[in-house]
Structures are given as structure tokens and as C-alpha cells.
Amino acid sequence: MDKISAGDTAWVLASAALVMLMTPGLGFFYGGLVRRKNVLSTVMHSFFILCLISVQWVLWGYSLAFGPDWKGLGIIGDLSWIGLNGVGLAPNKDYAATIPHQAYMMFQMMFAVITPALISGAFAERKRFKAFVLFSLLWATFVYDPLAHWVWGHGGWLGKLGALDFAGGTVVHISSGVSALVAAWVLGRRITHTSGEDVEPHDIPMVVLGCALLWFGWFGFNAGSALAANGLATSAFVNTNTAAAMAALTWLTISWAHKGQPSVVGATAGAVAGLVAITPAAGYVTPGASIIIGLLVSLVCYSAVMLRDKMKVDDALDVWAVHGVGGTVGALCTGLFATTVINSGASNGLFYGNPAQLWIQTIAVGAAWIFSGAMTFLILKVVNVFVPLRVSEKEEAMGLDLSQHSEVAYSPS
Amino acid sequence: MEIVVSMIAFFALVASWFVLPSAPRAVATALTPSEPLSAAA
């Protein structure tokens, strides 16, 4: 049995707890952005997914994502680890040689939890709860689990190709962002969107709180992905904070120049975009590169938000513009800025003499876009056969808190 | 054995959500956006 490192185990378990906090944090972030009649349903999306996917992951999700490669195709894991059969307390050298296998499983579980929760921002204020439940379960099984296997699973085809994704630019952010765009398109626009009703955020302090919780948890997300308490974790930690800060400053400046005021919501959106973009790159690039990535991602994502404004797709909370586009920027920048000076176990990027890495990153990005987009469309169509995706117009006008949960967020008394 | 029971329990829970009513409709449908929340009382 390999020797377990107390320090590494403590850091990975603590990181799993940090990433766990991101999902309710996301609930607050999204909850503040919607109207007050939909805040509970929006928070519930994140909280419910935390519960649902935690069990799904133990029962079959982890086996599909990280189990032994099925038939050596690099597509999906087999079911030999179903119910955590064989996933014990001894380290698994294929994934993390110094921590218990279950610690690794737990850390990865929190990634599987937050990814479908990210999509919920696209269909906020109009999706039927039962349809959301079925969609989330199917999406985690047929989109997240295979994609995680492609990139991180032992024998996954993108991993074997040499794609670099330190903490989930393709697996988490491109998959959720592209799926969000497809979901928003399939569900259609909110009725209030077409009737001209004000759809401004109802609680901006809640948005800032949610963003702060996300930022805090992201240290576990990225630095925890080193899977050890070492220099690489420190490098990822530094890059995470730096990119988030630079992206927030950049987004704030762009929106100030564009709209005449330094927007609070804009600053939080910029911070999240920076966190998204540095996710695939965090363990491969220098702090200087993280500043450039932070700058670039806000420029590109702000443009994507304006583009989405012109599109007839009602991605309510701009999940595609921030996560889909931001994840793409991060994955491609990894192909530009990666250096073995930071991570000797990885590859150099274009700017360090290895142009092939940018091509590999492009393939990974394209595969994630096509697979998650197509599968999400298919899953939504299947769900719609059994449960209508949208609430009725009357229920939507009433608000999802009352129509779906019979509760209100703020007592009138 | 535990895995089989766990699977059955999980799927039974999921299935029950599609059978259970969505909400106490008497409350939910009594309200419209233009009416105060106190109308539920």
C-alpha cells in the first residue's frame, strides 16, 4: 500500500469542503440576480443538485467518470466501481498516489455537483421543478460523467491526446455553458422578457455574497486540483486570485466606459469570468499570464454578453457568455501560456515553443462544445416527453417560488 | 447487498417525485402577481 500523506489528504479534504460551499454560493449568486418571486426556486436548484448528485456520484457517477476504461475506447468508465465497490481508503496511483482513493472521489464529487447547477442560471424563472430534476440526473450521467472520463479518467481519449485541463475548463465550464445556451434556446424566452417587464436583479448584496463564496471556494477548486499540499497548489492559488481580480477590474472598466457607471454586478460577473478562465490554466501558467488571461476573458465575455443580448436566446443569467465562452478562452490560453517551468509534468504552450498544444486544446474545446450541446438537446427533448419543461404562463407570472414550492422568500409582515 | 438496496431506495425516491403533487394548489393558484401575498392567509 502506498504511503498516505497527512498534509496532502488534509488539503484535498479541505478543498472538497471548499468546493462544496461553491454550490450554495452559486445559489446565492443566481438567487440575487433573479426577481424576488423566483429567488427560492433558484436557490433550490443549486441546493437540490448538491443532494441529488452526491448520491448519484456514489451509486454510479464516479464509476462512469473515473472507473476502469470501458473496452479501452477512452469514452467512459465501466460499472465495476458502482456503489464505490473497490473505491477504498488506499490510494489509487492512477489518480492521486498520496491520498485515500475516497478522498479523491469526494473531491471530484463536488465538481460533478456544481456543473449541472451552473446550467440552472440559463433556465431560471421558467423551468418546471420536476423537469429540472430529471434533466439534472440525466445530464450528470450522460454528459458530465463521460466528459470527465475523456479528460481526467484513466485512459480517457482527450487525456491521452495531451489536452490540458487543470481544474475543469472543458469538463465543467464549457460543458455547462454550452448546455445552458442550448437549454435556454429549447425552453424559449421568459414571457416577461417578451412583455417588457423589468427583469433587474432583486438583491445585489446577495449577488456579491454569492460571488465571494464562489471565489473563496474556487481556491479549493483550482489549488485543490494539485491533489497535494505543495508548490503546484500554491501556484494555482496565486493564479486563481490574480486572474479573478484582474478580470473584475477589467469588466468594471469596460462596463463603466460602456454604461457610464462602475457596476457592482459587473464587477462580480468579471470576477467569475476570471475564475472560469483561469480554471484550466491554473496549474500550468505563471502569475503574469494569469493577469493577461484575466484581462482577455473580460474583454471576450463582455462582448459575448452583448452578442447574447442581440440573440433571441434568453440565457437568463448569462451562463453561456461567462462559463461557455470564459471556459473556451481559458482552455485556449492554456495552449498559449502553459509552461513546464510551473508544471514539469505537463507540456509547454505555443509561447513556450510548442504550437501543437494549442491545436490539442482546440480539439478538446471543439469536442466539449459539440458533445455537450448535442447531448443536452437530446436530453431536453426526452425529458419533455415525460414532463413539460416549462411551467404554464400563469405559473410563470405568479413566480416559481409559489407555483413550484408554495413558499415565499420574504414575508410581507 | 447494500448497493442493491441503496439503488432501489434512490430510484424509489426519484420516482416518487413524479407522482407526488407539485404544490398545495389551493395556495398556489389563489394568488396572482397583482395580489398581495397576505391573500394566501
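Could we say that A:Leu336 is buried (at least 19 other Cβ atoms within 10 Å of the Cβ), under 16 Å from the mean Cα position of the chain (by Cα) and over 14 Å from A:Val178 (Cβ atoms) here? Against the criterion (buried (at least 19 other Cβ atoms within 10 Å of the Cβ), under 16 Å from the mean Cα position of the chain (by Cα) and over 14 Å from A:Val178 (Cβ atoms)), A:Leu336 does not qualify. Has the stretch A:369-392 got any residue that is of a type in the set (Val, Ile, Thr) and facing another protein chain (nearest Cβ under 10 Å)? Yes, the stretch A:369-392 contains a residue that is of a type in the set (Val, Ile, Thr) and facing another protein chain (nearest Cβ under 10 Å). When restricted to residues that are within 14 Å of A:Leu317 (Cα to Cα) and in a helix (DSSP H, G or I), the stretch A:188-221 contains 5. Residue pairs whose Cβ atoms lie under 6 Å apart, separated by 6 or more positions or on different chains, with the first residue in the stretch A:115-136 and within 14 Å of A:Val34 (Cα to Cα) and in contact (Cβ under 8 Å) with a residue 12 or more places away in the chain and the second in a helix (DSSP H, G or I) and among the acidic types (Asp, Glu), are A:Arg126/A:Glu396.
In the set (1) surrounded by 17 or more Cβ atoms within 10 Å (Cβ to Cβ); (2) more than 17 Å from A:Ile114 (Cβ to Cβ); (3) away from chain B (no Cβ under 11 Å); (4) aliphatic (A, V, I, L, M), the condition left unmet by A:Leu73 is number (1). Taking the conditions (1) assigned to a helix (DSSP H, G or I); (2) surrounded by fewer than 21 Cβ atoms within 10 Å (Cβ to Cβ); (3) more than 14 Å from chain B (Cβ to nearest Cβ) in turn, A:Lys312 satisfies each one other than (1). For the stretch A:359-373, state whether one or more residues are crowded, with 24+ Cβ neighbours inside 10 Å, hydrophobic (A, V, I, L, M, F, W, C), touching a Phe, Trp or Tyr at 6+ places or on another chain (Cβ under 7 Å) and more than 26 Å from A:Val265 (Cβ to Cβ). No, that holds for no residue.
Of everything in the stretch A:118-131 that is part of a helix (DSSP H, G or I) and buried (at least 24 other Cβ atoms within 10 Å of the Cβ), the residue that is farthest from the other protein chains (Cβ to nearest Cβ) is A:Leu118.
Residue-wise test of (1) more than 7 Å from chain A (Cβ to nearest Cβ); (2) modelled with pLDDT of 95 or more.
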position: B:Ile3; (1), (2): no, no
position: B:Phe10; (1), (2): no, yes
position: B:Leu20; (1), (2): yes, no
position: B:Val27; (1), (2): no, no
position: B:Pro33; (1), (2): no, no
position: B:Leu37; (1), (2): no, no
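For the stretch A:393-404, filtered to residues that are buried (at least 17 other Cβ atoms within 10 Å of the Cβ) and farther than 22 Å from A:Val319 by Cβ, the residue that is farthest from the other protein chains (Cβ to nearest Cβ) is A:Glu395. Just name the residue that is surrounded by the most Cβ atoms within 10 Å (Cβ to Cβ) out of those in the stretch A:4-39 that are assigned to a helix (DSSP H, G or I) and within 12 Å of chain B (Cβ to nearest Cβ). Within the stretch A:4-39, the match that is surrounded by the most Cβ atoms within 10 Å (Cβ to Cβ) is A:Asn38.
The values are calculated or read from the model by the stated rules, or taken from the named source; none is laboratory data. Everything numeric here is computed off the predicted structure, so don't read it as measured data. As a convention, Cβ positions derive from the backbone with ideal geometry for all residues, glycine included, and neighbour counts pool all protein chains shown.
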